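Engineer: One structure, as structure tokens, below. Some questions next.
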Amino acid sequence: MNKQQFISILKEQLKGIPEVDKKEVLFDYEEHFEIGLREGRREEEIASSLGNPKSLAKEIRANYMINKVEESFTAGNFFRAFLSTLGLGFFNLVFILGPFAGIAAALFSLVVAGIAIVGSGIFVIVASFFPNLFQNVPSPFVGSFVGISLASFGVLWTIGSMYLNKWFYLLTIKYLKFNLNIIVNRRNKNE
């Protein structure tokens, strides 16, 4: 594979990366070719030493997405980073995706449960002031006490769930970086 083919494949595979960053990456690889040619190496030899451009593009995309999610967290950035790193290896796809999805769903359920507990506390407070509309309603004093207690517990539950979600997010980012480093180091070792 010559320089033009290598750069063309790399450029095509760098989908999802802004044009400015893509140009910077391509410039770096063109510079590798220029330096190698000045040293008397052939284009095919340089391309071979750089590695498979499709694999390189996956690694670059994953690294870009991880950096992007660290700069500004959004759910979209987080899942793009996770999916781009997931595509780097079979192990991730088979052994990591299932447990990740299960834990993420459980943590989301905890937040929803906390919000539901807050809502039920508010409902008990409101219902206690309208005994004609609801059956088996406690007095307004008891209903307010129970409702405030329930809503307060729900708020604490939700806050705790949010901290668990934050911990899971940070742990996932560390795993993604660790995984990317393993793959890059393995590729560098094979070269």
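Engineer: Taking the condition modelled with pLDDT of 95 or more, of a type in the set (Gly, Ala, Ser) and farther than 30 Å from PHE78 by Cβ, does SER152 pass?
Structural biologist: For SER152, the condition - modelled with pLDDT of 95 or more, of a type in the set (Gly, Ala, Ser) and farther than 30 Å from PHE78 by Cβ - is met.
Engineer: Among the listed residues VAL142, VAL137, VAL124, identify the single one that is touching a helix residue (DSSP H, G or I) at 6+ places or on another chain (Cβ under 6 Å), modelled with pLDDT of 85 or more, among the aliphatic types (A, V, I, L, M) and not assigned by TED's automatic domain parsing to the domain that holds SER49.
Structural biologist: VAL124
Engineer: Being free of Cβ contacts under 8 Å to residues at least 12 places away in the same chain and among the β-branched types (Val, Ile, Thr) is the filter here; which residues of segment 99-125 pass it?
Structural biologist: Within segment 99-125, VAL112 is the sole residue that qualifies.
Engineer: Anything in segment 30-40 that is closer than 14 Å to MET1 by Cβ and either free of Cβ contacts under 8 Å to residues at least 24 places away in the same chain or of a type in the set (Asp, Glu) (or both)? List them, or say none.
Structural biologist: Selection gives HIS32, GLY36.
Engineer: If a residue must be in contact with a helix residue (DSSP H, G or I) (Cβ under 9 Å, 6 or more places away or on another chain), over 12 Å from ARG61 (Cβ atoms) and among the β-branched types (Val, Ile, Thr), how many such residues does segment 1-33 contain?
Structural biologist: Counting residues in segment 1-33 that are in contact with a helix residue (DSSP H, G or I) (Cβ under 9 Å, 6 or more places away or on another chain), over 12 Å from ARG61 (Cβ atoms) and among the β-branched types (Val, Ile, Thr) gives 2.
The values are calculated or read from the model by the stated rules, or taken from the named source; none is laboratory data. Just so you know, these numbers come straight off a predicted model, no measurement behind them. Neighbour counts run over all protein chains shown; Cβ positions are idealised from the backbone, glycine included.
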